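I have placed the structure first, in the form of structure tokens, so that the comments after it can refer back to it.
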Amino acid sequence: MSAADALPSARVLHELLHAAFRPERVSAAPFLGQIELRTQILTGGFVTEIVMPKLGLTMTEGLIAAWHVGPGSEFTAGDILFVVETDKIANEIEASTSGTIEQIVVAAGETVPVGTVIARMVTTSPSRATDTPSRLIPKPPHEPRPEPAFPTSQSPERDERPLRVLVTPWARKRAKELNLDISALECPAEKDRITAKDVEQAALTANTRSEPVDPLAKSRPADRRRLAQALLRAKQEVPHFYIFAQADITEAYKLRDAFNNLQPSTNRVSVSHLLLKAIGLALKAVPEVNCIWAENSVQRLIASDVGIVADTLVGPVVPIIRNVGDRSLTSIAAEVKDKVARARSGLLTFGDIDGGAISLSNVGLHNVVGLIPIINLPQSMILGVGRARSEFRPGLRQVPELRQELALSLACDHRATDGVPAARFLETLVAVLEKPANLFK
């Protein structure tokens, strides 16, 4: 082979120089909640920049709550690298590939804009756009290991896991906040360490079978601060306007009672479930209000997703109930029950609270007529509902009849919608509630 044959081709040299001096952005992070990676080639490996992920359509910055790795730390795909806090929730970010941390650029406790480089890592191969980046969702449980086809010399009773169980710093912090003994927790068989998700799941299990404790003992000041900042921002930045209506829900009550009499006690529906579906049907009938204001423009939504305000130890949290306009009341009720329970235990993921143009805030369990709520950003509307009132109204031949009426208060973001479409939406909602047959289909 000649010396000329041993030299790399001009095309190869061009690609190497392009990678070395003009770093290629190999992942455009097309999905929210992914780690964005930017890679460049160096001698002995590839340096990949990790940037602050975008965890929602309107997220502009995030706080690094904790690093689980440091310079020189080696990690594998699935290991937790850091924790990001937004104004609504904290998220553990998992690695999508194996590597070594070269540099921490943004220290814990700092807040930086989305897209800012927060760390650099070294890998033996470049990250590709086809690689699956980390997502902010719990990893699915691993399939159980199959039994060996032939007996081995190892005793089947022997525990294959190491005697020393690793616990992430964030897990220790959550265990202290939730008053859990970290040493009493068992490491999942498919993992080599206990994470914050394991701690929170253990807390949820313990809450279902333990005696009540002082609720203030489990409240987190950081959570309340995030909530306060979100509410203050919404009130200061959003040009709210309000419209009001009364809905006669006498017939809806009758149909609900008849429906519940045919259901097991675990499948019964409440006024909130009726309201959620009614809102979903009204969104489908008046789609121009199914929008939000994001990135200085109106963003149209398709699905009839609706949030429901859940009262928790740290204040209101708003999980999103999906496609309520296309679902049965029993399936809506089941999702509400699950997500409200997880909201009160602090186990919601970002996917549980992201989406929708409107939320429902129902204080009807208390003896109040109604409320005027604050919009839950980035949504553009919120419906406030109080307790139904008994009123005598003229009936057949002007004979007074006792009716059940509900006061509705709709707060709207004037950047995303205007008074006329909002009024049509509320008018449609009232019509759905007053002729409720479609609610039970």
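The values are calculated or read from the model by the stated rules, or taken from the named source; none is laboratory data. Worth saying up front: this structure is predicted, and the values here are computed from it rather than measured. We place every Cβ from the backbone using ideal geometry, glycine too, and count neighbours over all the protein chains shown.
Numerical summary
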read-out: Index of the failed condition, residue 412 passing every other in (1) surrounded by fewer than 20 Cβ atoms within 10 Å (Cβ to Cβ); (2) out of contact with any Asp or Glu (no Cβ under 8 Å at 6 or more places or on another chain); value: (1)
read-out: Subset of region 344-371 [within 19 Å of residue 274 (Cβ to Cβ), in contact with a Leu (Cβ under 6 Å, 6 or more places away or on another chain) and surrounded by fewer than 20 Cβ atoms within 10 Å (Cβ to Cβ)]; value: 363
read-out: Breaking point among (1) touching a residue at least 60 places away in the same chain (Cβ under 8 Å); (2) assigned to a helix (DSSP H, G or I); (3) β-branched (Val, Ile, Thr); (4) over 25 Å from residue 240 (Cβ atoms), for residue 340; value: (1)
read-out: Counted residues, region 80-128 - those being under 22 Å from the mean Cα position of the chain (by Cα), surrounded by 18 or more Cβ atoms within 10 Å (Cβ to Cβ) and in a loop (DSSP other than H, G, I, E, B); value: 6
read-out: Matching option when the condition is part of a strand (DSSP E or B), touching a Gly at 6+ places or on another chain (Cβ under 7 Å) and either under 28 Å from residue 230 (Cβ atoms) or not aromatic (Phe, Trp, Tyr) (or both), among 390, 359; value: 359
read-out: Hits in region 321-336 (condition: part of a loop (DSSP other than H, G, I, E, B) and more than 17 Å from residue 301 (Cβ to Cβ)); value: 328
read-out: The lone exception for residue 341 - which of (1) over 12 Å from residue 303 (Cβ atoms); (2) modelled with pLDDT of 95 or more; (3) surrounded by fewer than 19 Cβ atoms within 10 Å (Cβ to Cβ) it fails; value: (2)
read-out: Enumeration of residues in region 257-274 that are small (Gly, Ala, Ser) and surrounded by 10 or more Cβ atoms within 10 Å (Cβ to Cβ); value: 258, 270, 272
read-out: Test set (1) modelled with pLDDT of 95 or more; (2) touching a Phe, Trp or Tyr at 6+ places or on another chain (Cβ under 8 Å) - residue 322 fails condition number; value: (2)
read-out: Selected residue (criterion: modelled with the lowest pLDDT) from residues of region 179-228 that are farther than 30 Å from residue 60 by Cα and among the β-branched types (Val, Ile, Thr); value: 213
read-out: Given (1) among the aliphatic types (A, V, I, L, M); (2) in a strand (DSSP E or B); (3) surrounded by 15 or more Cβ atoms within 10 Å (Cβ to Cβ), number of the condition residue 402 does not satisfy; value: (3)
read-out: Strands (runs of 3 or more DSSP E) lying entirely in region 229-303 (those with 3 or more residues that are under 25 Å from residue 406 (Cα atoms) and modelled with pLDDT of 95 or more); value: 240-248
